[in-house]
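Here is the structure we will look at.
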Amino acid sequence: MSPLDSLLTCLRFASVSTDSAHAGEVRACADWLASFLRESGLATTIHPTAGHPIVVARNTHRAGRPTVLLYGHYDVQPADPLALWHSPPFEPRIENGILYARGATDNKGQLMAHANGLRQTMTAHGDLPVNLIALFEGEEEIGSPNLGPFLQSHRESLACDVIAISDTGMVAPGVPTFTYGLRGITCCEIEVTGPATDLHSGIFGGAVANPATELARLIAQLHDSEGRIRIDGFYDAVRPLEAWEREAWARLPLDDPEILRLTGSPALHGEAGFSSLERLWGRPTAEVNGLGGGYQGEGSKTVLPSRAFAKFSFRLVPDQNPDDLLPRIEAWLQHHLPATVKVTVHPGHSGQPYAMDPHSRFGRAAQAALRDTFNGRDPALIREGGSIPIVRSFKDILGADTLLLGLALPDCQAHAPNENFPLANFEAGQQLNRHLLEHLAAA
């Protein structure tokens, strides 16, 4: 099976982890992936969990070599809305060198690039230059609820010197990119209630507080006119950006016009005193992810709704801690709603921010591998605005730093219809795997 055929086969599994109707497809994908790794010469085990299985593969470990844990995930996001796809999401399509399918970038394209790189090295040399542990899970898209406990219970057998992941992005085509930091996250949903039931807005409007109106007022108070978050103490632990970071990011090709093109927004917006990339990668945020209340159907229904809700996510940066911030967030939300309504805050998932030193010995090895892969071009050193909570778990449980070597392009449409991955990046990922293991062996 060619590398491309292996990727196409992997993409045909509708391994949607959040939907129980696809549980069989998730398991089938894990079984196929385990067979691929075994056929590559790696000892492979499928570990059941309370949810979806974890696949672990390894070569023969020898004294004197560094141990590298290679992580990826084979589960994918739901494909909805299906009507917006130009071709069926689980029937991979190639057009002009671009592969379209759900999971093409996130994360099957990047995972299978590494898996094929391992196979090529094993075929050529009968072994790898490092002691390898490949760990591929099926729950990343639902927050990896069973991976943390798995790491805890298998801490000794998963002990490693460094971790490598390709599940992040490149700043532009052809620009090798090393991500050394990720924002953390904490989420919550706020429910604002007023009358016991929806009321006639003509009979009772003006005498009873409207939960939807009060919620709108609350959201409007969350930021000041300079784009700063008004929650008391929210910025107390924020680690300032280093001068070298601001200088390096200012030289990157991902500039304001490109961000406007990628987003389709009429203009950019954000906290005063920072560039767009600094806001995206190095500053915390507070966002409304969804809100509702009252009548949502066609035409008018003149009600005063009894309930309104909003879903919030707060992206955090080093050294913010979601456990410290969530009580502050809840207190602010409670304080800024009037006594004419009641409020309930439902905490959601959270994850710690992460940062490593890109100039460490393994960081330098990763940069050397990226140069070898991308024709000698120096890699961009960036943080990313997204969150991969398991990266911090790797650090806390296994005590190892993570090298985030992304192959996704800014317009890859991850989590959206028409997700795509350039075949050139798939080939580059295979080369990157080979170069990375060589440079880590010599680090």
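No value in this document is a laboratory result; all are computed from the given coordinates. Source: prediction; values computed, not measured. Quick reminder, even Gly has a Cβ in these numbers, built from the backbone with ideal geometry, and neighbours come from all protein chains shown.
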Taking the dipole about the Cα centre of the stretch 1-146, with the C-beta of Lys and Arg at +1 and of Asp and Glu at -1, give me whichever of Leu8, Ala23, Phe36 is farthest to the positive side. Phe36
Among Phe314, Phe362, Phe150, residue whose mean-square fluctuation peaks in a GNM of the chain (springs only between Cα atoms under 10 Å): Phe150
Using a Cα distance threshold of under 25 Å, what count of lysine pairs results for the chain when pairs must be 8 or more residues apart or interchain? 4
Selection from Cys412, Pro149, Tyr235, by position along the positive dipole direction of the chain (Cβ): Pro149
Among Val68, Val175, what is the fewest-to-most ranking by other Cβ atoms within 10 Å? Val175, Val68
Read-out Rg and Dmax of the Cα atoms in Å, derived from the coordinates shown; its label in (1) 26.3, 91; (2) 23.6, 81; (3) 23.9, 78: (2)
Sequence of Glu141, Glu419, Glu298, Glu247 once ranked by neighbouring C-beta atoms within 10 Å, starting from the fewest: Glu298, Glu247, Glu141, Glu419
Could you state the angle between the C-alpha long axis of helix 361-373 and the longest principal axis of the C-alpha atoms of the chain, as a value from 0 to 90 degrees rounded to the nearest 10? 80 degrees
May I ask you to derive the relative contact order of the chain, considering only C-alpha pairs under 8 Å and at least 6 residues apart, and to give it as an integer percent? 26 percent
Treat the count of other C-beta atoms within 10 Å as a stand-in for reagent exposure and order Phe274, Phe394 from fewest to most. Phe274, Phe394
Label the stretch 20-155 by shape, choosing from rounded, prolate and oblate, from the square roots a ≥ b ≥ c of the eigenvalues of the Cα gyration tensor; if a/c is under 1.5 it is rounded, and otherwise prolate applies when a/b is larger than b/c, oblate when it is not. oblate
Considering the chain as a Gaussian network with a 10 Å cut-off on Cα pairs, which listed residue, Thr177, Thr340, Thr402, attains the greatest mean-square fluctuation? Thr340
Most mobile listed residue (Trp244, Trp332, Trp85) in the chain, GNM with C-alpha springs under 10 Å: Trp244
Summing Lys, Arg as +1 and Asp, Glu as -1, what charge do residues with Cβ under 14 Å from the Cβ of Gly282 carry, Gly282 excluded? 0
